[in-house]
Amino acid sequence: MPERGGDVVVPAEFAAGDWPLHITVVPPFQTELEADAVAALLPHGPRIPVVAGARASFGHRHAVPVTLVRPSPALLALHTACVDALEAAGAVIADQRHVRGGYRPHASDQRSAALAPGDHAALTELALVARTPGSRRVAARVPLA
C-alpha cells in the first residue's frame, strides 16, 4: 500500500508489536489450509485506490487508534469476496462482528506510520500473515495488479 507517495513494503517477518502500515481486509481467521492454498482462493483483482477518512478508536477499551478508510464499492467487494472464499474453504473467522455488514475498513496507527484524514493510498497486495508468539510472518502474498 503506498503511503503518502511512497511504497510501503511489507517485510517478510516482523515483531508482533511492529506491524507495517496496512489496511485490514479480513479479520484474523483460522484454517487447516496451507498459505499457498489460501492465497489461491483470494481474488487477484486490480489495485484499489483508498482515501483515509476520520480518526477513530477500536478495541474493547477503545485504546487502538485507527484511521477509518472510506468504504468504496471496490474495497467492500474485495472484503466480501475474501470472506466468502475463506468461509467456503472452511476457514473460521474469529470475530463475525467485523465481516460483511460489520466491516469497517481501517488502518491502525503503527510505530512507523499512520494515515491521516484525506490521505490517498492504494491496496497493491493482499498479505496473509501467520501469527506466532512474538512475531508475524508473511506466509503468502497476492498481488493486486
| message | Report every pair of residues separated by at least 6 positions or lying on different chains whose Cβ atoms are under 6 Å apart, first residue within the stretch 21-37 and closer than 17 Å to V10 by Cα, second of a type in the set (D, E). | response | L21/E3
| said: Restricting to the stretch 61-85, and then to whatever is farther than 21 Å from A114 by Cβ and free of Cβ contacts under 8 Å to residues at least 24 places away in the same chain, can you tell me which residue is surrounded by the most Cβ atoms within 10 Å (Cβ to Cβ)? | reply: T80
| task | Identify, from the list R104, R111, R131, the residue that is open to solvent by 30 Å² or more (accessible area, probe 1.4 Å) and not in a loop (DSSP other than H, G, I, E, B). | result | R131
| query | Which numbered condition trips up S57, out of (1) surrounded by 14 or more Cβ atoms within 10 Å (Cβ to Cβ); (2) polar (S, T, N, Q); (3) touching a strand residue (DSSP E or B) at 6+ places or on another chain (Cβ under 7 Å)? | reply | (1)
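Quick check on my filter: what residues within the stretch 70-91 are assigned to a loop (DSSP other than H, G, I, E, B) and touching a Leu at 6+ places or on another chain (Cβ under 8 Å)?
Across the stretch 70-91, the qualifying residues are A89, G90, A91.
Out of all the residues in the stretch 36-69, which are aliphatic (A, V, I, L, M) and not in a helix (DSSP H, G or I)?
Here is the first cut: in the stretch 36-69, the residues aliphatic (A, V, I, L, M) are 37-42, 48, 50-52, 54, 56, 63-64, 66, 68-69.
The answer is L42, I48, V50, V51, A52, A54, A56, A63, V64, V66, L68, V69.
The values are calculated or read from the model by the stated rules, or taken from the named source; none is laboratory data. Note that the structure is predicted; figures quoted are calculated from it, not measured. Heads up, the Cβs are rebuilt from the backbone with ideal geometry, glycines too, and the neighbour counts pull from every protein chain shown. With ligands, DNA and RNA removed, areas are computed over all heavy atoms of the protein, side chains included. Shrake-Rupley method; radii C 1.70, N 1.55, O 1.52, S 1.80 Å.
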